[in-house]
Amino acid sequence: MRWGYVIMACGLALRVGVVCAQAGQVSEADVILKSEVENLPFTERLSPVIYDGVTGMAFPATGVAMVGLELQPGDYTLLVHCYAPAGDQDGFFVEIDGRQTRRTAPIGRWGTLAYPFTTEKAGKIGISIIGQEPGMTVDAIAVVKGTHQDNDPRFDQVPGEMKRGVEIKIEDLPRLALTVTLAEKAEGPLTADEHTVYIEHFDAECNGVTGDYHWGEGQFGQALYLDVPDGRFAVDASGFDIGPEGTIEWWVKPRPAQQLWSDQGWHYFLHCRAKDDAGLQLDLSRHPKSQLRLIASSSEGPYFPPDKPGTREWAEMSTNGLAYDSWHHILVSWRIGEQRTHLWVMVDGVGRQSFFPTQHAAVGFSSIEFGNTPSHWDVPYLFMDGGIDAIRIQNTSVADRLAK
Amino acid sequence: MLKRVSIATLVCTLICFAQCAVALDQDLVTRAEAALEKCTQYLVDEVAYNGGYVGTYLEDLSDQWGEGHCLRHQSWLQPPGSPSTGQEFLRAWRATGKQLYLDAAVTNARSLVWGQLECGGWVYVVDYTREGEERNYYRRNAGSNDQKLKSGANRGTYDDDTSQASLRMLMATDEALDGQDQQIREAVMAGLEWVLKSQYRHGGFPQWYPLSTTGYSRHSTYNDGNMYYIMYLLMAAYEQYGDERYRQTLLKLGDFFINSQLPEPQPIWAQQYDEDMRPAWARMFEPASVTGGETSGVMTALIEMAVYTKDPKYLAPIPPALAWYQRSQLPNGRWARFYELKTNKPLYFTSDNRTTYRLTYDDSDMPDHYSFNASSYPQRVEDAHKAITEQGLEAYAAARAPKELTPAQLTARAESMEEAVRKALAEQTEKGVWVRTAAEGRIIDMALVQRQMRTLSDYLAAANGKQ
């Protein structure tokens, strides 16, 4: 009888031990990187703050901390030890190898958020922590082998001393996204210069408008209002010399009651149709999961068929803070180099730059459509529903106009 | 002469009632009374927390749920949650006149007063702990000096009949108490003021009020019957309190029902509208479109408005909407939930993981958590509209009005319910409730409990000669 108890107890202890070992198990050999966030190779605009006796770095909306790692194929998890002082100070982005995820830090307590990811082949990747809601605080990050969950392990359960891993220079990373700002915010009406291939201020009625629309007061004089459900404005771009690089900028004012900048729906702003199947196609749309996203793809269409790994890249930015009753300056830009393709998407002079390995040909566009899903796709309307004004298309990227 | 007739009438009535009473199974009446009492006593003594209830409980009360998991010290307001149980206490009281039931109802009403937000509305769950009290700014704490009690969320919702059901229960209790309970009366008035304030200029109501700065909670939403429940609430409020503002708000809502009908060739309704009364997106799988799903509900509401006001203007939108149904039937004989604006093409979604939705015309790969192919032809609406057209509004409304039953009819009603009552008695647990088996085990399903209580109350009301 007594032996029975002993055996049961041993069995129970063994099970508990196994469970404990499985839960968040990380050996020292599995730790690739373990670092205070302020010691990462690149940080910008972070400020120290103490919560519950732990020093962390508070992120403003434009704050960023980055590290590059060289990893072998396998499953990994990024662990972020973080703290949110309040519910409106908890949002931030994590970007791993150019793929961005929005998360929220635990409110009023320290916690460890986990971001599992997989590398298919050996190579260099960039990892960034990017601010969104000012005040969100990060103490430290770690990258460990294996797939783990939030608080399993907690950061204090990651063994070993702080270590920096194999760091890569940012310029050597194949894929990365950065926060960028224009050196000079566009304020007045856009004017034509030697790089301008198209300009339209809508002060007089023009060709290219289809579906439901009306004319109304714009940011500068008259504007075109594309209405529910099928309003569109199309520009014939077949004669534009804008293959390798270019910039499209215009003003938008979605109908305020629609609250597009935080709406749960999916709304298309721009579609640049490639001249041939190998060429770069650009699509700008807003979706609550992806926020405002500029997608670079081939002419298969970003809408259908479903995502195929490796064929699409993008730059994206949050639009949650934008005012509903104002005009906003939208800028989309691209530059296709031999090794890398750069994308820029900006609103009111602030936005994101993303670069990735070049895989699309610089053949130019046959048409550029504003305000709805492309007219040649058999997919439902995803209307922008609102005003557009002062379009300018140039054959140079925005790179030279960025703040240093 | 008059006196003689009155006496003769009284005698006849008594004889008739006596005959009726003889026909009833008195033993069953006694057992039904005992069962209802036992159920109520158990609910009050063991199940309730601070007078409030949730939707389901494990039979041993070790765990509980509303729409999601709830804690023991929480109540859940959306039907069949706490106020729905309270309404059954009131029904039992009306049927029997016993104080036990009125006391149970008043206790439940007080739990709703406890959980009323400072704005006047309610949210889905009331948490009676201090921590829960800090999470919301309750009306009861409006005069407090403790800032923690005044800094919580203060936005009430119409979603899932939450605030409407709470107000209906408080109004019914207020009526039962002849308005003598000041706390309950004040809560009703605060709640109705919240309703008046929350109406948009176009007559619709947002899902939440005060308005959030962003998101689809600002939209006027037909989904889940939100605005029909407001309509019934306003009708009841005007009938009970006679405040002309309630009637005007109701009429404005009726105008919204009419004005939110989309133009030909799609003269039906969208699921939700923004502040410009244009179809809007809500959740990621609820596009700006017309809906075969909610149109049937709007037409039913229009008939209710026509019957209530005797104004035929509410009927005018119905024929073109029915014609749309007839020409929009799909090859499979059904109707899609969503149709694209202008093209009238059915809209569907595909979803890989419930977080990524793609809008499509293809119905071959729809997620299963939402009905994208839900609606059927609104035959009842067509029948009602036809009956009104043939009979006229006045006659139709008169025919629908509840009729006072004779004692013999009441007895017949009671007798017709005997089988259901015997079944309820047979299935009642030793503790006095009703349970069913679910994935979690044996559960006390409050919807089932309410249904059985209603059976017993309606039976006792008829047996006791009450309408």
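What number of residues within the range B:334-343 satisfy the criterion of being more than 11 Å from chain A (Cβ to nearest Cβ) and not basic (K, R)? Before you say what the answer is, go through the steps one by one.
So in the range B:334-343, the residues more than 11 Å from chain A (Cβ to nearest Cβ) come out as B:334-337.
Cutting the leftovers down to not basic (K, R) gives us B:335-336.
Residues meeting the conditions: 2.
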### Message
Can you tell me which condition A:Q339 does not meet? The list is (1) of a type in the set (S, T, N, Q); (2) within 29 Å of B:E275 (Cβ to Cβ); (3) over 18 Å from the mean Cα position of the chain (by Cα), and all the others hold.
### Response
(2)
### Query
Could we say that B:A301 is in contact with a helix residue (DSSP H, G or I) (Cβ under 6 Å, 6 or more places away or on another chain) and either surrounded by fewer than 20 Cβ atoms within 10 Å (Cβ to Cβ) or within 30 Å of B:E175 (Cα to Cα) (or both) here?
yes
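Residues checked against (1) assigned to a strand (DSSP E or B); (2) among the acidic types (D, E); (3) surrounded by 20 or more Cβ atoms within 10 Å (Cβ to Cβ):
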{"position": "A:A65", "(1), (2), (3)": "yes, no, yes"}
{"position": "A:H81", "(1), (2), (3)": "yes, no, yes"}
{"position": "A:E95", "(1), (2), (3)": "yes, yes, yes"}
{"position": "A:Q100", "(1), (2), (3)": "yes, no, yes"}
{"position": "A:Y115", "(1), (2), (3)": "yes, no, yes"}
{"position": "A:T118", "(1), (2), (3)": "yes, no, no"}
{"position": "A:S128", "(1), (2), (3)": "yes, no, yes"}
{"position": "A:P134", "(1), (2), (3)": "no, no, no"}
### Task
Output the number of residues of the range A:204-229 satisfying the condition of being acidic (D, E) and over 19 Å from A:E369 (Cα atoms).
1
### Summary
Filtering the range A:383-404 down to residues that are surrounded by 21 or more Cβ atoms within 10 Å (Cβ to Cβ) and either within 14 Å of chain B (Cβ to nearest Cβ) or part of a strand (DSSP E or B) (or both) yields A:F383, A:M384, A:D385, A:G386, A:G387, A:I388, A:D389, A:A390, A:I391, A:R392, A:I393, A:Q394
### Query
Within the range A:348-368, can one find any residue that is within 14 Å of chain B (Cβ to nearest Cβ) and either over 24 Å from A:R255 (Cα atoms) or outside any helix (DSSP H, G or I) (or both)?
no
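Here are A:Y225, A:Y268, A:Y213: which of them is without any contact (Cβ under 8 Å) to a residue 24 or more places away in the chain and within 23 Å of A:S367 (Cα to Cα)?
Values: A:Y225 fails: without any contact (Cβ under 8 Å) to a residue 24 or more places away in the chain; A:Y268 fails: without any contact (Cβ under 8 Å) to a residue 24 or more places away in the chain.
That would be A:Y213, the only listed residue that is without any contact (Cβ under 8 Å) to a residue 24 or more places away in the chain and within 23 Å of A:S367 (Cα to Cα).
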### Query
For the range A:200-312, which strands (runs of 3 or more DSSP E) that fit wholly inside it have 1 or more residues that are surrounded by fewer than 16 Cβ atoms within 10 Å (Cβ to Cβ), within 14 Å of chain B (Cβ to nearest Cβ) and modelled with pLDDT of 95 or more?
A:213-217
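Count, please, the residues in the range B:218-245 that happen to be in a helix (DSSP H, G or I), closer than 30 Å to A:L260 by Cα and more than 14 Å from the chain's Cα centre (by Cα). If you could, list the steps in order and put the result at the bottom.
Step one: list which residues in the range B:218-245 are in a helix (DSSP H, G or I), which gives B:218, B:223-241, B:244-245.
Retained after the next criterion (residues that are closer than 30 Å to A:L260 by Cα): B:218, B:223-231.
When the remaining residues are screened for being more than 14 Å from the chain's Cα centre (by Cα), the result is B:218.
Count: 1.
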### Residue within the range B:293-310 that is part of a loop (DSSP other than H, G, I, E, B) and of a type outside the set (K, R) present
no
### Spans of helices (runs of 4 or more DSSP H) in the range B:387-442 with at least 1 residues at pLDDT below 95 and closer than 25 Å to B:D25 by Cβ
B:407-416
### Task
Select from the range B:80-127 the residues that are assigned to a helix (DSSP H, G or I), in contact with a strand residue (DSSP E or B) (Cβ under 8 Å, 6 or more places away or on another chain) and of a type outside the set (A, V, I, L, M) and list them in ascending order.
B:S82, B:N108, B:S111, B:W114
### Task
Would you point out which residue out of B:V381, B:V433, B:V421 is of a type in the set (A, V, I, L, M, F, W, C) and within 22 Å of the chain's Cα centre (by Cα)?
B:V381
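To keep it simple, each residue is scored yes or no on (1) in contact (Cβ under 8 Å) with a residue 40 or more places away in the chain; (2) out of contact with any Lys or Arg (no Cβ under 9 Å at 6 or more places or on another chain); (3) under 21 Å from B:E175 (Cα atoms); (4) crowded, with 17+ Cβ neighbours inside 10 Å.
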{"position": "B:I230", "(1), (2), (3), (4)": "yes, yes, yes, yes"}
{"position": "B:L233", "(1), (2), (3), (4)": "yes, no, yes, yes"}
{"position": "B:R245", "(1), (2), (3), (4)": "yes, yes, yes, no"}
{"position": "B:N259", "(1), (2), (3), (4)": "yes, yes, no, no"}
{"position": "B:Q266", "(1), (2), (3), (4)": "yes, no, no, yes"}
{"position": "B:W269", "(1), (2), (3), (4)": "yes, yes, no, yes"}
{"position": "B:E275", "(1), (2), (3), (4)": "yes, no, no, yes"}
{"position": "B:W281", "(1), (2), (3), (4)": "yes, yes, no, yes"}
{"position": "B:A288", "(1), (2), (3), (4)": "yes, no, no, yes"}
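Quick check on B:G292: is it under 18 Å from B:W335 (Cβ atoms), more than 14 Å from every other protein chain (Cβ to nearest Cβ) and crowded, with 22+ Cβ neighbours inside 10 Å?
yes
Could you tell me which residue of the range B:192-216 is surrounded by the most Cβ atoms within 10 Å (Cβ to Cβ), considering only residues that are among the β-branched types (V, I, T) and within 19 Å of A:Q259 (Cα to Cα)? Spell out how you get there, then give the answer.
Of the range B:192-216, the ones among the β-branched types (V, I, T) are B:195, B:213-214.
Within this subset, residues satisfying the condition of being within 19 Å of A:Q259 (Cα to Cα) are B:213-214.
Values: B:T213: 9, B:T214: 15.
Among them, the one singled out is B:T214.
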### Task
Inspect all residues belonging to the range B:128-144 and state whether any of them is more than 24 Å from B:D445 (Cα to Cα), in contact with a Gly (Cβ under 6 Å, 6 or more places away or on another chain), part of a loop (DSSP other than H, G, I, E, B) and touching a residue at least 12 places away in the same chain (Cβ under 8 Å).
yes
### Message
On the basis of being modelled with pLDDT under 95 and surrounded by fewer than 17 Cβ atoms within 10 Å (Cβ to Cβ), does B:E46 make the cut?
### Response
no
## Note on the structure
Checked B:G115, B:G121, B:G203 against criteria (away from chain A (no Cβ under 14 Å) and either under 18 Å from the mean Cα position of the chain (by Cα) or at pLDDT below 95 (or both)); the one match is B:G121
### Message
Scan the range A:160-179 and tell me whether some residue there is more than 17 Å from A:V80 (Cβ to Cβ), surrounded by fewer than 19 Cβ atoms within 10 Å (Cβ to Cβ), modelled with pLDDT of 90 or more and not small (G, A, S).
### Response
no
### Query
Looking at this structure, is B:E239 away from chain A (no Cβ under 14 Å), surrounded by fewer than 17 Cβ atoms within 10 Å (Cβ to Cβ) and touching a Gly at 6+ places or on another chain (Cβ under 7 Å)?
no
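The values are calculated or read from the model by the stated rules, or taken from the named source; none is laboratory data. Source: prediction; values computed, not measured. Positions of Cβ are generated from backbone atoms using ideal geometry, with glycine treated the same way; all protein chains shown enter the neighbour counts.
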